[in-house]
Amino acid sequence: MERYDIAVIGTGPAGVSAAITAKVRGKKLILFGSRHLSEKVEKAHSILNYPGLPNVSGAELANAYRMQLDSLDIPITEKQVTAVYAMGDYFAIQTPDDMVESTAVILAAGVVTSKALPGEDAFLGRGVSYCATCDAHFYRGKTVAVLGYSEQACREADFLAETCEKVLYFPAAPHEVQVNGRVEVVREKPAAILGDRQARTLETKSGKRFDVDGIFILRASVAPDKLVPGLAVEDNHIQVDLQMRTNLRGCFACGDAAGPPYQYIKAAGQGNVAALSAVAYLAEQK
Ligand SMILES: Cc1cc2nc3c(=O)[nH]c(=O)nc-3n(C[C@H](O)[C@H](O)[C@H](O)COP(=O)(O)OP(=O)(O)OC[C@H]3O[C@@H](n4cnc5c(N)ncnc54)[C@H](O)[C@@H]3O)c2cc1C
């Protein structure tokens, strides 16, 4: 399998900055995210505190980032990373349809604001999954609920419908819902997951209960310690030192993911530090 030097997860200011520095330092790089870069950049009306770009709009800033990535020939791999596993001297990075390897990884996935549902943590791996590709085969011929938080989740629900007997799609956050005819859309807000040794029931805010064999929770971003098993996290932020090192050797974090203040320039600055630390780590490995 092809192995990258550095994998950057996230295309906000932190990830873009990390990718630029990694590329300038000549590293073999993969950047996961979206061509839209980051909603938090795109949606800002006017930004007054970004040095060198007075009163720039978020859309203009995103455009400048895209142009810089293009000019440095840094492609964006438009895939959601579903898990990162520390394998010793490298990391295995899982996406919905494949796995890549990288010696170092930089987490720049922003901050996760949505809280886990009651029952979600307790039943994770026991009927609750975050990855359709990884776990669909457990539910062949069975009934599953998909809690979808983005359009990408609709594609995952379509995929599950190829394997499962019945797929119930609950739009858990506002997004355009377009699923194929084999997926049933249920416009109820998920409230809790109930079960015994295994998740068995999804309860909604209106008090309705849906008996299912499995529940796929497909958020646009996953809590960092769920994304990377073993990662040290405090108050939902990844613990880092001043070099942006996490508790896992070879794994770095930057931007909102690494804690407040939530600011573009702080995210971009930390992305730069994280990339330089990853470069130093790669040199140590040799
Ligand atoms: C409306 C608004 C206005 C703001 N105005 C200002 C301002 O004027 N000045 C200022 O300094 N700050 C401002 N901020 C704060 C600023 O937006 C954030 O601090 C900044 O965007 C953080 O950058 P980041 O790169 O850490 O994360 P983000 O910008 O949140 O980017 C995270 C990226 O990671 C991607 N991602 C997440 N999970 C995964 C995954 N599993 N796989 C692949 N990709 C993933 C996301 O899609 C996204 O591209 C504003 C925020 C908002 C919402």
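Where a number appears in this text, it was derived from the coordinates with a stated rule and is not lab data. Computed from a predicted structure; not experimentally measured. Cβ coordinates were reconstructed from backbone atoms using ideal geometry, including for glycine residues, and neighbour counts include every protein chain displayed.
Check whether at least one residue in the range 143-154 is part of a strand (DSSP E or B), over 18 Å from the mean Cα position of the chain (by Cα) and of a type in the set (Gly, Ala, Ser), and report yes or no.
Scanning the range 143-154 turns up at least one residue that is part of a strand (DSSP E or B), over 18 Å from the mean Cα position of the chain (by Cα) and of a type in the set (Gly, Ala, Ser).
Checking the condition out of contact with any Pro (no Cβ under 8 Å at 6 or more places or on another chain), under 22 Å from Gly88 (Cα atoms) and acidic (Asp, Glu), which residue from Asp211, Asp241 passes?
When all the criteria are applied, what remains is Asp241.
Have a look at Leu276, Leu218 and point out the one that is more than 16 Å from the ligand (Cβ to nearest atom) and not aromatic (Phe, Trp, Tyr).
Exactly one of Leu276, Leu218 is more than 16 Å from the ligand (Cβ to nearest atom) and not aromatic (Phe, Trp, Tyr), namely Leu276.
Which members of the range 230-250 meet the condition of being of a type outside the set (S, T, N, Q) and within 14 Å of the ligand (Cβ to nearest atom)?
Selection gives Leu231, His237, Ile238, Val240, Met244.
Among the residues of the range 79-95, is there at least one that is touching a strand residue (DSSP E or B) at 6+ places or on another chain (Cβ under 8 Å), in a loop (DSSP other than H, G, I, E, B) and charged (D, E, K, R)?
Scanning the range 79-95 turns up at least one residue that is touching a strand residue (DSSP E or B) at 6+ places or on another chain (Cβ under 8 Å), in a loop (DSSP other than H, G, I, E, B) and charged (D, E, K, R).
So which pairs qualify, if the first residue must be in the range 85-96 and touching a residue at least 40 places away in the same chain (Cβ under 8 Å), the second must be charged (D, E, K, R), the Cβ gap must be under 6 Å, and the two must be at least 6 apart or on different chains?
Tyr90/Glu101; Thr95/Lys79
Quick check on the range 217-230. Is at least one of its residues within 21 Å of Asp135 (Cβ to Cβ) and in contact with a Cys (Cβ under 8 Å, 6 or more places away or on another chain)?
Within the range 217-230, one or more residues are within 21 Å of Asp135 (Cβ to Cβ) and in contact with a Cys (Cβ under 8 Å, 6 or more places away or on another chain).
Counting just the residues of the range 33-46 that are near the ligand (Cβ under 7 Å from one of its atoms) and farther than 19 Å from Gln68 by Cα, which one comes out farthest from the chain's Cα centre (by Cα)?
Ala44
So Val100 fits all but one of (1) away from the ligand (no atom under 14 Å from the Cβ); (2) closer than 29 Å to Glu234 by Cβ; (3) among the hydrophobic types (A, V, I, L, M, F, W, C); what number is the exception?
So Val100 meets the others, but not (1).
Hey, can you tell me all the residues within the range 16-31 that are surrounded by fewer than 18 Cβ atoms within 10 Å (Cβ to Cβ) and either within 11 Å of the ligand (Cβ to nearest atom) or in contact (Cβ under 8 Å) with a residue 24 or more places away in the chain (or both)?
Val24, Arg25, Lys28
Please specify each residue of the range 32-74 satisfying the condition of being of a type in the set (A, V, I, L, M, F, W, C) and touching a residue at least 12 places away in the same chain (Cβ under 8 Å).
Phe32, Leu37, Val41, Ala44, Ile47, Ala59, Leu61, Ala62, Leu69, Leu72, Ile74
Quick check on this structure: which one of Glu176, Glu184, Glu165 is within 30 Å of Leu107 (Cβ to Cβ), of a type outside the set (S, T, N, Q) and away from the ligand (no atom under 16 Å from the Cβ)?
One residue alone meets the criteria, Glu176.
Restricting attention to the range 237-281, report how many residues are hydroxyl-bearing (Ser, Thr, Tyr) and surrounded by fewer than 19 Cβ atoms within 10 Å (Cβ to Cβ).
1
What's the total number of residues in the range 1-10 that are within 15 Å of the ligand (Cβ to nearest atom) and touching a helix residue (DSSP H, G or I) at 6+ places or on another chain (Cβ under 8 Å)?
Total satisfying the criteria: 4.
Taking the conditions exactly as written (more than 24 Å from Gly214 (Cβ to Cβ), touching a Gly at 6+ places or on another chain (Cβ under 9 Å) and outside any helix (DSSP H, G or I)), does Val100 satisfy them or not?
The answer is no for Val100.
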